[in-house]
Amino acid sequence: MRKIFTLSVFVLVTYVSFGQTVPQVYVKEYAVLWQQDAAEYRALCYQAFNLATLRINEIPAKKLKKSKLAIITDLDETIIDNSYNEAQLMKDGKFYTAATWKAWADKSMATALPGAVEFLQAAKQKGITIFYVSNRSTDDLNSTLINLKKLNLPDAKLENMLFLSTTSSKEERRQAVMKDYEVIMLMGDNLNDFMSTFEKKPSDERFAETDKVKEEWGKKFIVLPNPSYGEWENALYQYKRDLTPEQRETMRREKLKGY
Ligand SMILES: [Mg+2]
């Protein structure tokens with residue numbers, strides 16, 4: 001009896017300590033595994049780029065000839081895959097920091113999402129200019145340029161890479177492109193990549209804003225799946241920084257909708 005009691009206490013203590021620490025490190029494990037190991041993720045990427053191809057094929061030849069057309073695309077988890085960074089952090093039991101990100105970005109070894117390179121090359125062939133509007137820091141410009149060139153992405157040049165310098169909102173940078181070009185498509189994994197109306201909004205308002213432009217998804221707006229991070233995650237934590245892992249855990253639990 002005593003043995004069983006001791007064993008139970010041991011199991012309970014192990015469970016509680018496991019519950020308080022380990023899952024905080026691995027909270028994104030399933031999301032990253034889905035990105036890396038689910039063929040369903042791969043199929044969704046192809047689906048997005050196939051749809052995007054269909055849309056550019058709909059543009060009349062006359063318009064392609066006469067107008068200066070552009071596609072604005074995000075980079076991370078829209079065109080290039082950084083899941084390796086998140087995976088490595090989990091393997092090492094580390095957390096994302098500015099330094100761990102920089103170490104990864106400096107390697108210029110992100111791979112392309114399935115279908116991304118082919119789509120952007122097809123768009124370029126039609127005479128459409130590609131602008132990479134990313135919230136990577138301007139410190140990452142050179143390493144990212146090397147990465148984009150390695151992947152044979154069109155318009156991989158500094159003039160077409162509008163990175164984060166002053167504000168995380170991409171609106172100003174989108175407007176800068178729109179001064180000279182007609183933007184026919186926006187691509188992103190984060191709704192902030194499309195319009196500023198999604199920024200800093202709670203989840204229910206993000207839902208409402210999404211519904212307001214429901215005709216545009218799959219048309220002018222092409223969305224790629226990202227279960228690991230994004231503005232949705234900030235909204236989940238009510239845009240609060242410096243939360244403890246336990247507070248985050250509680251907030252996640254509160255958000256779960258049961259029946
Ligand atoms: Mg992104």
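Here is how the numbers come out for the structure above:
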{"quantity": "Residue within the range 189-212 that is assigned to a helix (DSSP H, G or I), within 16 Å of the ligand (Cβ to nearest atom) and hydrophobic (A, V, I, L, M, F, W, C) present", "calculated": "yes"}
{"quantity": "Any chance LEU158 is more than 19 Å from GLY230 (Cβ to Cβ), over 17 Å from the mean Cα position of the chain (by Cα) and within 16 Å of the ligand (Cβ to nearest atom)", "calculated": "no"}
{"quantity": "From SER196, SER165, SER203, SER169, residue being farther than 15 Å from GLU231 by Cβ, among the small types (Gly, Ala, Ser) and surrounded by fewer than 18 Cβ atoms within 10 Å (Cβ to Cβ)", "calculated": "SER165"}
{"quantity": "Any hit, the range 144-157, residues being assigned to a loop (DSSP other than H, G, I, E, B) and in contact (Cβ under 8 Å) with a residue 60 or more places away in the chain", "calculated": "yes"}
{"quantity": "Residue count, the range 162-188 (criterion: more than 14 Å from the ligand (Cβ to nearest atom) and closer than 23 Å to LYS107 by Cα)", "calculated": "1"}
{"quantity": "Out of GLY230, GLY218, sole residue that is surrounded by 15 or more Cβ atoms within 10 Å (Cβ to Cβ), more than 16 Å from the ligand (Cβ to nearest atom) and closer than 26 Å to GLN36 by Cα", "calculated": "GLY218"}
{"quantity": "Residue ranges of helices (runs of 4 or more DSSP H) in the range 9-85 with at least 1 members loosely packed, with under 12 Cβ neighbours inside 10 Å, modelled with pLDDT under 95 and within 16 Å of the ligand (Cβ to nearest atom)", "calculated": "none"}
{"quantity": "Any hit, the range 96-119, residues being modelled with pLDDT under 95, in contact with an Asp or Glu (Cβ under 7 Å, 6 or more places away or on another chain) and under 24 Å from TRP217 (Cα atoms)", "calculated": "no"}
{"quantity": "Unique match (being on the phi < 0 side of the Ramachandran plot and within 14 Å of the ligand (Cβ to nearest atom)) among ASN142, ASN135", "calculated": "ASN135"}
{"quantity": "Matching option when the condition is at pLDDT below 95 and of a type outside the set (A, V, I, L, M), among SER196, SER165, SER137", "calculated": "SER165"}
{"quantity": "Options ASP193, ASP189, ASP180; residue that is charged (D, E, K, R), closer than 21 Å to ILE71 by Cβ and in contact with a Gly (Cβ under 7 Å, 6 or more places away or on another chain)", "calculated": "ASP189"}
{"quantity": "Residues satisfying the stated conditions in the range 95-105, i.e. away from the ligand (no atom under 16 Å from the Cβ) and touching a residue at least 12 places away in the same chain (Cβ under 8 Å)", "calculated": "PHE95, THR100, LYS102"}
{"quantity": "Hits in the range 179-188 - residues which are outside any strand (DSSP E or B) and either surrounded by fewer than 13 Cβ atoms within 10 Å (Cβ to Cβ) or among the β-branched types (Val, Ile, Thr) (or both)", "calculated": "LYS179, ASP180"}
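The values are calculated or read from the model by the stated rules, or taken from the named source; none is laboratory data. No experiment lies behind these values; they were computed from the predicted model shown. Cβ coordinates were reconstructed from backbone atoms using ideal geometry, including for glycine residues, and neighbour counts include every protein chain displayed.
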